[in-house]
Amino acid sequence: MVKISLVKFTEKDCEMKKKMTISKILNAKGEKPLVMITAYDALFAKLFEESADILLVGDSLNMSFAGKSDTLSATLDQMIYHTNAVCTGAKESFVICDMPFGTYMSKEQALFNAVKVFQETPADAVKIEGGADKAEIVKYLTSNGIAVCGHIGLLPQSVRSEGGYKVKGKDERSAMSLVNDAKEIELAGAFCIVIEGVKADVAALVSASVGVPVVGIGAGHGVDGQVLVFSDMLGLFEEFTPKFVKKYLDGATLVKDAVATYAKEVVSREFPSEKYTY
Ligand code: KIV
């Protein structure tokens, strides 16, 4: 028997403090593409807040922040820690916390853990990976006051069981299965669906098949918004760059050059000069 105390999500509370709300996210469909970006800490969250509609505390932090080879070892406590940091840095942002691998294996476990996220952070919603197979869990969460963003297509938490990151929607069966996944997740009450690593025409079909916004990553432009992992799009993560990532900054080179210049100036005693001395 799982003991829980329920936190009631109210749209009114949300509208009092956030520039983005669930109703605005729903209304964006067909009107304006949604801008979602990952954030893992207060510093970057504050920088992203002005331009992004939604900040996603993705379990991708296990790779780009913690240096692991996949997302699977991220823990709920780590997600809670990073979500609090993001919410502290970007108080007006709509923040989604990823439920990490192994924390939503049953509906009872999912609710217990999602309630923990809601009680220990000001996150607005959680995200869980999976399609029709997770619809019952999504329904259990949404009917108990937890706002849920779905995640279908390429599921990073399935990388080990699938033996790699595989693009989805390559044949008709896979395309129809994705449409069904999205419909089931919508029916279960999700307010938004992330679709990852899917052929662009199929992702567009999925988006056209549901009433909630479908936000793509590696899914072309026929969807209702885009999400990118910030360390990828700022060119900070050098291990590998997926085809769908556009680097808006050569962050790694800029950071390395800056630190190299600092090191040179420390060694030559050029820094700290008079200007930086009391
Ligand atoms: O963890 C993450 O950053 C994500 C994005 C890839 C959507 O789930």
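Comparing mean-square fluctuations of Ser207, Ser60, Ser143 from a GNM of the chain with C-alpha springs under 10 Å, the top value falls on Ser143.
For Tyr81, Tyr104, Tyr278, what's the largest-to-smallest order of accessible area, 1.4 Å probe?
Numbers: Tyr81 155, Tyr104 15, Tyr278 265 Å².
Solvent-accessible surface, decreasing: Tyr278, Tyr81, Tyr104.
The charge dipole of the chain, taken about its Cα centre with unit charges on the Cβ atoms of Lys, Arg (+1), Asp and Glu (-1) only, comes to about 200 debye.
At a 1.4 Å probe radius, carbon and sulfur cover how many percent of the accessible area of segment 17-247? Intermediate values should be presented prior to the final figure.
Numbers: 5350 of 9700 Å².
Carbon plus sulfur share of accessible area: 55 percent.
Between Leu236, Leu61, Leu228, the GNM of the chain built on Cα springs shorter than 10 angstrom shows Leu236 fluctuating the most.
For segment 31-167, what relative contact order do you get, as a whole percent, if you take Cα pairs closer than 8 Å and at least 6 residues apart? Before the final figure, lay out the partial values.
On the way: 237 pairs, mean separation 27.6, N = 137.
In percent, rounded to a whole number, it is 20.
Per residue, the chain reaches -11500 deg cm²/dmol at 222 nm when only DSSP H runs of four or more residues are counted, each adding -39500 (n - 2.57).
Can you tell me the orientation of helix 107-120 relative to the chain, as the angle in degrees between its alpha-carbon axis and the longest Cα principal axis, to the nearest 10? Tilt relative to the chain: about 40 degrees. Comparing Val148, Val227, Val255 in a Gaussian network model of the chain (Cα springs below 10 Å), the most mobile by mean-square fluctuation is Val255.
Relative to the longest principal axis of the Cα atoms of the chain, the long axis of helix 200-209 makes an angle of roughly 50 degrees. Here the peptides 129-137, 173-181, 149-157 are ranked by packing, the mean other Cβ count within 10 Å, and the order with the highest first is 149-157, 129-137, 173-181. Segment 121-146 to segment 150-192: how many Å between their Cα centroids? Segment 121-146 and segment 150-192 have Cα centres separated by 15 Å.
Would you rank Tyr165, Tyr40 by solvent-accessible area, highest first, keeping every protein chain in place and using a 1.4 Å probe?
On the way: Tyr165 100, Tyr40 5 Å².
Result of the area sort, largest leading: Tyr165, Tyr40.
Please say if segment 140-193 is rounded, prolate or oblate, where rounded means a/c under 1.5 for a ≥ b ≥ c the square roots of the C-alpha gyration tensor eigenvalues, and otherwise the choice is prolate for a/b larger than b/c and oblate otherwise? Cα axes put segment 140-193 in the oblate bin. What the phi angles of segment 249-257 give under the Karplus curve with 6.51, -1.76 and 1.60, with θ = phi - 60°, is a coupling list of 7, 8, x, 4, 5, 4, 5, 5, 4 Hz, glycine and proline written as x.
Any idea what the relative contact order of the chain is, in percent, if you count C-alpha pairs under 8 Å spaced at least 6 apart?
Details: 532 pairs, mean separation 45.3, N = 278.
Reported relative contact order: 16 percent.
Each 10 Å bin from zero holds the following percent of Cα-Cα pairs in the chain: 7, 28, 35, 18, 6, 4, 1. The residues of segment 17-247 expose, per residue, 42 Å² of accessible area to a 1.4 Å probe. The Cα center of segment 201-245 and the Cα center of segment 36-57 differ in position by 16 Å. Close amide H contacts of Lys127 (hydrogens built in the peptide plane, cut-off under 5 Å, sequence separation of 5 or more or a different chain): Cys97, Asp98, Met99, Cys149.
The values are calculated or read from the model by the stated rules, or taken from the named source; none is laboratory data. Only a predicted model underlies this, so the values are computations on that prediction, with no experimental measurement involved. Because the Cβ atoms are built from the backbone with ideal geometry, glycine has one as well, and the counts that use them run over all protein chains shown. Calculation scope for accessible area: heavy atoms of the full protein, side chains included, ligands and nucleic acids excluded. Shrake-Rupley method; radii C 1.70, N 1.55, O 1.52, S 1.80 Å.
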